[in-house]
Amino acid sequence: MASQLERYIGEINKKIRQLHKMSTDAFMDSMKAFEELDQAKAAEVRDKSEKIEELSIKIENSVFETIARRQPVAKDLRELATYLQVTHHLYRIGRYSYKIAHIVRLCEGLEHFKELISLPYLAKLAKDTIDYAMLGITDRDLSKIDELEKLEAESDRETGEMFEEIAEYLRQRTDITRMAMFYVIVGRYCERAADHAFSIAERAVYMVTGERKKLGIAYKGKSGDSPH
């Protein structure tokens, strides 16, 4: 029979799973809104970001209450501390969704000057990275952690090619500066979302094994197409 502490931690785990889904859904929806310059969809994303914030606060309160009332030690305390940090990372991903949705609002009256291929792909790479990292948190499954390095290398390559393509468009046209700036900003939000995934993955390794591991550096410089 599960102890009261285990039940409390289990409930927080369920909320973390919910927050993970809400954050990644909002992130992908914000990219779709930007891809289609859909103001209604962007407004929905902004509403979702508020719900993400509300759930983040509930999780934080649950963690603090569990620590104060149940006095966990050793691995249980490590798990609760990890949930607290991961909640912040997922909240930040939700904020990037809000910011992309806000950019859609700023794009009113503008149109894309190219087919969007790189940005949706970068968003998917970021989501995959987050999903792989979160397996370690919610299921204690670290089997996908090594894949994160490959995803980052691919993201670096795609980002570099996108920036080169945008620069070439800007050399040819003078009427696209504002939209080109938005492409770069949205691309940076995809990179930042993936960065949070690496922080989540590092916490997952620590939570499960008790060891600290630095991720996100193994493939640096190994991809010939990488801009870094």
Cβ-derived FRET efficiency at R0 45 Å, Thr177 paired with Arg17, nearest 0.05: 0.60
Quote the FRET efficiency, to the nearest 0.05, computed for Ala167 versus Arg69 with a Förster distance R0 of 45 Å and r equal to the Cβ-Cβ distance. 0.20
Whole angstrom only: what separates the Cα centroid of segment 155-173 from the Cα centroid of segment 91-146? 19 Å
So what's the angle, to the nearest 10 degrees on a 0 to 90 scale, between helix 118-138 and the longest Cα principal axis of the chain? 0 degrees
What's the angle, to the nearest 10 degrees (0 to 90), between helix 39-70's Cα axis and the longest principal axis of the chain? 20 degrees
Fewest first, what order do Leu142, Leu119 take by the number of other Cβ atoms within 10 Å? Leu142, Leu119
Indicate the gyration tensor shape class of segment 66-129 (rounded, prolate or oblate), computed on the Cα atoms with a ≥ b ≥ c the square roots of the eigenvalues: a/c under 1.5 is rounded; otherwise a/b larger than b/c is prolate and the rest oblate. oblate
Of Gln85, Gly160, Ala43, which is farthest on the positive side of the dipole of segment 4-209, counting Cα position, with +1 on Lys and Arg Cβ, -1 on Asp and Glu Cβ, and the Cα centre as origin? Gln85
So, by mean Cβ neighbours within 10 angstrom, what's the order for 122-135, 153-166 with the highest one leading? 122-135, 153-166
Output wanted: per-residue J couplings in Hz (rounded whole) for segment 22-30, from phi through Karplus 6.51 cos²θ - 1.76 cosθ + 1.60, θ = phi - 60°, x for Gly and Pro. 4, 5, 6, 4, 5, 5, 5, 5, 5
Run the quick spin-label model on Lys150 and Ile57: label points 7 Å from Cα toward the beta carbon, then report their separation in nm to one decimal. 4.2 nm
Kirkwood Rh, angstrom, the chain [1 / mean 1/r, Cα pairs]: 18.6 Å
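Ranking Glu168, Glu44 by Cβ neighbours within 10 Å, fewest first, what do you get?
The fewest-first ordering by Cβ neighbours comes to Glu168, Glu44.
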Relative to the longest principal axis of the C-alpha atoms of the chain, give the angle of the C-alpha long axis of helix 147-172, reported between 0 and 90° and rounded to the nearest 10°. 20 degrees
Determine the relative contact order of the chain: mean sequence separation of Cα pairs under 8 Å and six or more apart, normalised by residue count, in whole percent. 25 percent
Below 11 angstrom from the Cβ of Arg188, what's the summed charge of the other residues (Lys, Arg +1; Asp, Glu -1)? 0
Would you tally the net charge around Asp76, using a Cβ to Cβ cut-off of less than 11 Å, leaving Asp76 out, and scoring K and R as +1, D and E as -1? +1
Taking amide H positions as placed in the peptide plane 1.01 Å from N, state which residues far from Lys144 in sequence (5 or more) or on other chains have amide H under 5 Å from it. none
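Throughout, read-outs are computed from the coordinates displayed, never taken from laboratory work. Please read all numbers here as calculations on a predicted model, not as lab measurements. Backbone-built Cβ (ideal geometry, glycine too); neighbour counts: all protein chains shown.
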